[in-house]
Amino acid sequence: MAKIRRCGKFYVYMVECADGTYYTGYTSDLGKRLKRHNDGLASKYTRGRLPVTLVWKKEYQQFKSAFKTELVIKNLTRMQKEALVRGKRLDKVLSDAGVKRK
């Protein structure tokens, strides 16, 4: 089993699927992950909703930060995710939603 890198570049990303829904994930190689999504190999959710388009991303230097952010974004409402896609800062979206981060 391969060891997970804990430091380096990690990305939290959001893609818009062909049906208009959003999918959020994290990866250490964004280009490769997007290709895998569009090849139908990355997730069961996106497999039936191709193609997907990258609509938002944020880079982190620590795996743990990226992983925690992915979980927070997955719990946002559709409107809050749309605010991110329109360019609103993540910290502003979270503060407006009353989400406190550690």
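The values are calculated or read from the model by the stated rules, or taken from the named source; none is laboratory data. What you are looking at is a predicted structure, and each value in this text was computed from that prediction instead of being measured. Cβ placement follows ideal geometry from the backbone for every residue including glycine, while neighbour counts extend to all protein chains displayed.
Scanning the range 68-100 for residues that are surrounded by fewer than 14 Cβ atoms within 10 Å (Cβ to Cβ) and in contact with a Phe, Trp or Tyr (Cβ under 8 Å, 6 or more places away or on another chain) yields a count of 2. Among the residues of the range 1-28, those identified as loosely packed, with under 13 Cβ neighbours inside 10 Å and modelled with pLDDT of 95 or more are Ala18, Asp19, Gly20. Yes or no: the range 24-40 includes at least one residue that is in a loop (DSSP other than H, G, I, E, B) and either of a type in the set (A, V, I, L, M, F, W, C) or within 18 Å of Gln80 (Cα to Cα) (or both). Checking the range 24-40: not a single residue is in a loop (DSSP other than H, G, I, E, B) and either of a type in the set (A, V, I, L, M, F, W, C) or within 18 Å of Gln80 (Cα to Cα) (or both). Has the range 61-69 got any residue that is farther than 16 Å from Leu94 by Cβ, in contact (Cβ under 8 Å) with a residue 40 or more places away in the chain, part of a strand (DSSP E or B) and within 12 Å of the chain's Cα centre (by Cα)? No, because not a single residue in the range 61-69 is farther than 16 Å from Leu94 by Cβ, in contact (Cβ under 8 Å) with a residue 40 or more places away in the chain, part of a strand (DSSP E or B) and within 12 Å of the chain's Cα centre (by Cα).
Find the residue count for the range 43-67, including only residues that are among the charged types (D, E, K, R), closer than 24 Å to Asp19 by Cα and either in contact with a Gly (Cβ under 6 Å, 6 or more places away or on another chain) or surrounded by 11 or more Cβ atoms within 10 Å (Cβ to Cβ) (or both).
The first filter runs over the range 43-67 and keeps only residues among the charged types (D, E, K, R), leaving 44, 47, 49, 57-59, 64.
Filter once more, keeping what is closer than 24 Å to Asp19 by Cα: 44, 47, 49, 57-58.
Okay, now just the ones that are also either in contact with a Gly (Cβ under 6 Å, 6 or more places away or on another chain) or surrounded by 11 or more Cβ atoms within 10 Å (Cβ to Cβ) (or both), so 47, 49, 57-58.
Residues flagged as among the charged types (D, E, K, R), closer than 24 Å to Asp19 by Cα and either in contact with a Gly (Cβ under 6 Å, 6 or more places away or on another chain) or surrounded by 11 or more Cβ atoms within 10 Å (Cβ to Cβ) (or both) within the range 43-67 amount to 4.
Could you tell me whether Lys44 is over 19 Å from Phe10 (Cα atoms) and among the charged types (D, E, K, R)? Yes, satisfied.
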